[in-house]
1. Computed on alpha carbon atoms, what radius of gyration and Dmax characterise region 218-293, expressed in Å?
2. Give me ILE228, ILE395, ILE299 sorted ascending by neighbouring Cβ count inside 10 Å, so fewest comes first.
3. If we restrict to alpha carbons, what Rg and Dmax does region 99-332 come to, in Å?
4. Can you give the convex hull volume of the alpha carbon atoms of region 194-332 per residue, in Å³?
5. Can you sort MET339, MET400, MET137 so the residue with the fewest Cβ neighbours within 10 Å comes first?
6. Output the relative contact order of region 279-393, whole-number percent, from Cα pairs under 8 angstrom with separation of 6+ residues.
7. Ordered by residue, what ³J(HN,Hα) values in Hz, to whole numbers, does region 167-183 give under the Karplus form 6.51 cos²θ - 1.76 cosθ + 1.60, where θ = phi - 60° and Gly and Pro are x?
8. Give me HIS106, HIS243 sorted ascending by neighbouring Cβ count inside 10 Å, so fewest comes first.
Amino acid sequence: MARSKEKEDADGRFSAPVSISMADSSISMLKLISILIVFVVGMVIGLVSSSNINKYFTFQGDQFDFKSHYFDTEQFSHDAEKKGANCEKGDCLSMESFIRPKSLTHRMTDDELFWRASLVPEKEDFPFKRVPRVAFMFLTRGPLPLLPLWERFFSGQDKEKYSIYVHAPGFELNVAVSSVFYRRQIPSQNVQWGSVSLVDAEKRLLANALLDFSNERFVLLSERCIPIYNFATVHKYLTESLHSFIDSYDDPSRYGRGRYNRRMQPDIRLAEWRKGSQWFEAHRTLAVKIVADFKYYSIFRKYCRPSCYPDEHYIPTYVRKFYGALNSNRSLTYVDWSMMGPHPATFTAVNITTQFLQLLRNNGTMCSYNSEKTNICYLFARKFDESALEPLLSISSQVMGF
Ligand SMILES: *[C@@H]1O[C@H](CO)[C@@H](O)[C@H](O)[C@H]1NC(C)=O
Ligand SMILES: *[C@@H]1O[C@H](CO)[C@@H](O)[C@H](O)[C@H]1NC(C)=O
Ligand SMILES: *[C@@H]1O[C@H](CO)[C@@H](O)[C@H](O)[C@H]1NC(C)=O
């Protein structure tokens, strides 16, 4: 109806001037011809551009096909819908989700994730109240047997001061909604112990934690680690430290220098080769550098193969080579190697006594901290068997203050 009415109006406008006089009608003819020319030119432009649009759509179609190989299409369009809904509220570039992602779920590849995590703001001051957080990163094969002790450690603490990340490939942590571990699993991939995939998992934990701009310190832990000081002490010790705690030393034996491969020259010389415990603690500045490095990581992936273990050499060597001055060169995680052999001692229920824990916390040795001395050398310890949980829970408040 609307269409035919428009047509009537147009016809009426054209027919009226033609019938007035000859001069008028020749002017009208000119007008008509010029309108025709405009119309034809318009048609041509229309045809040309529509063929471009077709090309464009075909291209998009290809891309979409490519994506649907990887993603569930329904989920994909559902997410797009949700994003659209957010945008309508004017929240497309929400500051909140940029500085602290609400969910740990994402579909980024490691390449994409590491790139995003390596972005550093040029501006020094933050446009929000930034409380420096400690990121507790659990690298596990599956369940966390000592989880109740960690729950107690975090219990009642300010949630602004810490965040938790769990890398557990193919495993779902079954914890209550009220648990601080609830929905704290990052997208994980299989790990072969002793291979470079272990370094990949460490970088994946660092990168996911870096997406939260408030995370200032990053601690790597295993399912066999326990805290030996309370949260307030750990948070203060870490956030006030001028150095990172990455074990890094020159071991002249076959278990150190013996694992060096000459093909790493000239990028890594034997004199630069370092060894250190895998259980590191890093300041944000170093965490970014580790996630951003590809050159040296690639050398280790290529030339550090059993019996060379990238998790014991890559970070200690890389950090020593470029950022030595930022490092304390010691680990904060106590490990008992006194049994010799390839694996450290595991503590079971019978080993857990008040005296034992007190010695872990302070055995009289002093350690350097911000160019001073402190009797707190370790904040964490490993390896603890599942059976150690009950005795630990029964003496934690008396000995460890939580
Ligand atoms: C750790 O070792 C590096 C390299 O030798 C050195 O520059 C740095 O000062 C050491 N850190 C401390 C706290 O002594
Ligand atoms: C744990 O206790 C047992 C039994 O007393 C002892 O044999 C073992 O050496 C202890 N382990 C460690 C690592 O101290
Ligand atoms: C205390 O622990 C450190 C580190 O494990 C060790 O090197 C040192 O010998 C211990 N000291 C005593 C007095 O047991």
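1. Rg and Dmax of region 218-293, Cα atoms, are 15.6, 46 Å.
2. With the sparsest Cβ surroundings first, the list reads ILE395, ILE299, ILE228.
3. 17.5, 52
4. Working: hull volume 15.4 nm³, N = 139.
So the per-residue Cα hull volume is 111 Å³.
5. On the way: MET339 9, MET400 21, MET137 27.
Ordered from fewest to most neighbouring Cβ atoms within 10 Å, MET339, MET400, MET137 come out as MET339, MET400, MET137.
6. On the way: 102 pairs, mean separation 29.3, N = 115.
Computed value for region 279-393: 25 percent relative contact order.
7. These are the phi-based 3J(HN,Hα) values: 9, 9, x, x, 10, 10, 5, 9, 10, 5, 4, 7, 6, 5, 8, 5, 6 Hz.
8. Values: HIS106 14, HIS243 19.
Final ranking by Cβ density, sparse to dense: HIS106, HIS243.
Bear in mind that the values in this text are calculations on the coordinates, not laboratory data. In this text, all values refer to a predicted model and were calculated from it rather than measured experimentally. Here Cβ is always computed from backbone atoms with ideal geometry, including for glycine, and neighbour counts include all displayed protein chains.
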